[in-house]
Amino acid sequence: MMQVPNYVNPYMQQPIVQPFATPAPNYNAVKIDVHNPSVSTPGVGQAVVNVPQQAPQYATPTMPYYTYPQTQLYQYPQAPQQPYYMPPVQNLPAPVAQAPVAPAPAMPAPQVAPAPVEVPAPQVAQQNINVPQPVVTQPSAPQPAAVPAEVQKPEVVQSAPIAPQVDLNAYIAKLTNPDYEVQATTMEEMANMVKEDPQKATELLDVKVMDALSNIVKADTSKLAGPTPEQIAARQKLLSNQQMTDAEKQLATSITPMEQAERNKSYALFTSAILQKLYGDEVSKLTNTTVPLTELPGAVTVVEQLKNNPNPMVRTSAIEALSYIQNPSYKKDLNTLFTIAKNDEDKGVQEAATAALDKLNQMPA
């Protein structure tokens with residue numbers, strides 16, 4: 001019987017020799033919100049106190065979104081204020097006396113109806129017309145001045161909507177594609193994007209993307225076709241460098257659906273860890289805080305695969321994924337997980353846990 005490889009590097013299509021029977025998974029409910037993650041999980045070593053999340057503090061923009069003309073649109077004329085001078089008092093000549101005039105004989109008054117009694121108007125003092133009077137100028141209604149043509153109608157240019165650089169729907173569709181090779185290619189592309197263009201890759205930090213990766217890890221592969229006895233025999237001949245026909249070589253190097261699905265679980269664990277680290281780094285930049293380990297999107301799934309997955313290759317991948325996202329704040333929890341994994345029944349898992357512990361101990365507290 002051929003020995004199962006103890007360790008498989010990420011993103012290497014190495015066949016799995018023997019199928020692994022997967023018991024019915026028992027996963028806790030996970031609620032993930034990438035921009036406000038909240039995850040509940042069983043105790044990981046010591047209990048992790050949930051730390052309330054702080055909303056990211058974004059830098060206040062220093063430049064206005066729109067620049068309007070600063071020229072006053074309308075210029076109102078100001079009424080001139082004339083100085084007021086008191087008129088000088090002049091000495092008027094005395095009135096000239098006139099001879100009395102005899103009154104005319106009275107005529108009989110015609111019989112008419114009595115006129116209605118009128119209320120006498122109030123006596124208004126007569127104004128001496130010889131004395132110059134001040135001229136009172138009534139202010140006219142303000143008229144808008146001519147508006148320059150260049151500022152008459154300020155044009156507001158609407159900012160164009162920012163187009164996303166990543167088609168999330170396309171990535172989600174590929175991750176949920178039943179073709180295992182399409183899934184694998186997509187996860188490699190996502191990992192390369194984080195490495196080459198982290199700012200663009202932040203658009204992948206979506207709850208649907210993390211759910212799709214988690215579903216790949218949790219997929220039940222027990223009913224998929226695994227390697228046949230003939231295929232196992234051909235692989236043994238290949239490993240022992242025996243003479244083989246072309247048909248035997250092709251049979252030995254072909255990968256079964258069950259092996260493809262198990263390989264994609266390792267891929268999904270690595271891709272999830274890469275996105276988790278990117279998420280933690282972005283939150284740290286914006287808020288100067290560290291996201292708790294149990295609140296990283298998808299971290300609970302990684303821990304459960306380390307503890308319960310029957311495939312030693314998947315357990316090894318979970319150890320390396322947790323080692324990738326290690327942080328001084330996670331040191332206590334990771335130390336507990338890796339110490340437990342050192343007692344795993346598989347030698348490859350033990351070696352991976354030992355290497356992860358050594359790397360963790362080199363990290364400053």
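The values are calculated or read from the model by the stated rules, or taken from the named source; none is laboratory data. It should be emphasised that the depicted structure is a prediction, and the values quoted were computed from it without experimental measurement. Neighbour counts are summed over all protein chains in view; Cβ atoms, including those assigned to glycine, are modelled from backbone coordinates with ideal geometry.
Computed values, structure above
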{"quantity": "Whichever residue in segment 308-365 is among the basic types (Lys, Arg) and touching a Ser or Thr at 6+ places or on another chain (Cβ under 7 Å) and, among such residues, is nearest to Leu296 (Cα to Cα)", "calculated": "Lys359"}
{"quantity": "Yes/no for Thr221 being in contact with a helix residue (DSSP H, G or I) (Cβ under 8 Å, 6 or more places away or on another chain), of a type outside the set (A, V, I, L, M) and closer than 30 Å to Gly280 by Cα", "calculated": "no"}
{"quantity": "Check on Leu269, hydrophobic (A, V, I, L, M, F, W, C), modelled with pLDDT of 95 or more and out of contact with any Asp or Glu (no Cβ under 9 Å at 6 or more places or on another chain)", "calculated": "no"}
{"quantity": "Selected residue [under 20 Å from Phe338 (Cα atoms) and either hydroxyl-bearing (Ser, Thr, Tyr) or out of contact with any helix residue (DSSP H, G or I) (no Cβ under 8 Å at 6 or more places or on another chain) (or both)] from Ser266, Ser240, Ser284", "calculated": "Ser266"}
{"quantity": "Counted residues, segment 176-198 - those being loosely packed, with under 12 Cβ neighbours inside 10 Å and within 24 Å of the chain's Cα centre (by Cα)", "calculated": "2"}
{"quantity": "Number of the condition not met by Val303 [criteria: (1) aliphatic (A, V, I, L, M); (2) under 30 Å from Lys208 (Cβ atoms); (3) crowded, with 23+ Cβ neighbours inside 10 Å]", "calculated": "(3)"}
{"quantity": "Filter pass, Ala318 being of a type in the set (A, V, I, L, M, F, W, C), surrounded by 23 or more Cβ atoms within 10 Å (Cβ to Cβ), within 33 Å of the chain's Cα centre (by Cα) and modelled with pLDDT of 95 or more", "calculated": "yes"}
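So that you can scan it fast, the table gives a plain yes or no per residue for (1) closer than 20 Å to Met210 by Cα; (2) of a type in the set (D, E, K, R); (3) at pLDDT 95 or above:
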| site | (1), (2), (3) |
| --- | --- |
| Thr253 | no, no, no |
| Lys265 | yes, yes, yes |
| Val283 | yes, no, no |
| Gln326 | yes, no, no |
